[in-house]
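Below is one structure; the comments refer to it alone.
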Amino acid sequence: MTELQQTTRASQVIDLDRYPIDRLDSPKGRALVAFCRASLAFEGACQLPGFIRPTAVERLAAEAVAKRDQAYRTDAKHNVYFEAVPETSAPADPQSMLQHSSKSAIAWDLIGPDSALRIAYEWDALTNFLGQALDMAEFYRYADPLGAASLMIFAEGDELGWHFDRSPFAVTLMLQPATEGGAYEYHHRLRRPDDENKAGVVAALQDEQPGRITLPNEPGTLSLFRGQYSLHRVTPVQGDTTRINAVLAYSTKPDDKMNTLTQELFYGRSA
């Protein structure tokens, strides 16, 4: 497929008039990258509403529903660091304050060849744009056959408990918000590389920390987020409407992928 054909195909998924990610050397393209970098620097998140066209959003949500019986469900307790819980700890130690996370994941090898997610994720222009927006000198699509890009389904009661990411960045697409709940909340830079700020983390877990930010959940929105130092969560979903989003994985190293143990943890199998 030629570059022009790839761009034409991608334009049916991504609104390239509003977000000219294939023309980053244009004034509007440079302004887009500058906006993303400024948003990330200001509050650790950048949202681009309407990035995915409504018809593509509908197709992706329908694909997730159709493949729901193939999704792998996880339901677990963890602390905010995803580390082992110490046998003994102080009463107000975030390491011992357990959180709950549950969801269903549709792995990358189940995403169809004509899926809007595959068309967008495999397009070099999107990878290049995200790398520039995140100000990463080296930026590559994930080589993992299961975890490169996934569809996530949150049914009633599902949530992501408060946590810090291990990765310095995350890229997601909102496809279908829940009727109630399913809100993305975070505390910007609650810790720093030289200060874990355990008192602030405990206060956040007890709903006593000011400055909590809630991001909009508009379908079609591309979100960039720096969650390594910002505590964040997805609140429990309420009602019959499932929350559906896509997670796009990238790395600063070429050909990077999960180990077998991690694959089995997130997808129930290895590949």
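The values are calculated or read from the model by the stated rules, or taken from the named source; none is laboratory data. The structure displayed is predicted, hence computed values, not measured ones. For neighbour counting, all protein chains shown are included, and Cβ atoms are generated from backbone atoms with ideal geometry for every residue, glycine included. We work out accessible area using only protein heavy atoms, side chains counted, and drop any ligands, DNA or RNA first. Shrake-Rupley method; radii C 1.70, N 1.55, O 1.52, S 1.80 Å.
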Dimensions in Å of the stretch 68-208 - Rg and Dmax from alpha carbons
17.6, 52
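Measure off, as a whole percent, the carbon and sulfur share of the 1.4 Å-probe accessible area of the stretch 3-267, all protein chains present.
After summing per-atom areas, the C and S share lands at 51 percent.
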How much accessible surface does residue 158 have with a 1.4 Å probe, in Å² rounded to 10?
0
Could you state how much accessible area residue 173 has, in square angstrom rounded to the nearest 10, with a 1.4 Å probe and all protein chains kept in place?
10
Rounded to the nearest 10 degrees, what's the angle between the helix 124-133 long axis and the longest principal axis of the chain, both from Cα atoms, 0 to 90?
50
For the stretch 1-134, calculate the relative contact order in percent as a whole number, restricting contacts to Cα pairs under 8 Å that are 6 or more residues apart.
30
Using per-residue counts of other Cβ atoms within 10 Å, averaged over each peptide, order 135-147, 190-202 from highest down.
135-147, 190-202
Scoring the chain by relative contact order with C-alpha pairs under 8 Å, at least six apart, yields a percentage of 26
Taking Rh as the Kirkwood radius, which is the inverse of the mean 1/r over Cα pairs, what is the Rg/Rh value for the stretch 153-271?
0.99
Accessible surface, per residue, of the stretch 3-267 when the full set of protein chains is kept, probe 1.4 Å, Å²
47
Quick check: net charge around residue 92, other residues with Cβ under 12 Å of its Cβ, Lys/Arg +1 and Asp/Glu -1?
-1
Quick one: P(r) of the stretch 3-267 from all Cα-Cα pairs, 10 Å bins, percents rounded to integers, in order of increasing distance.
7, 29, 37, 21, 5, 1, 0
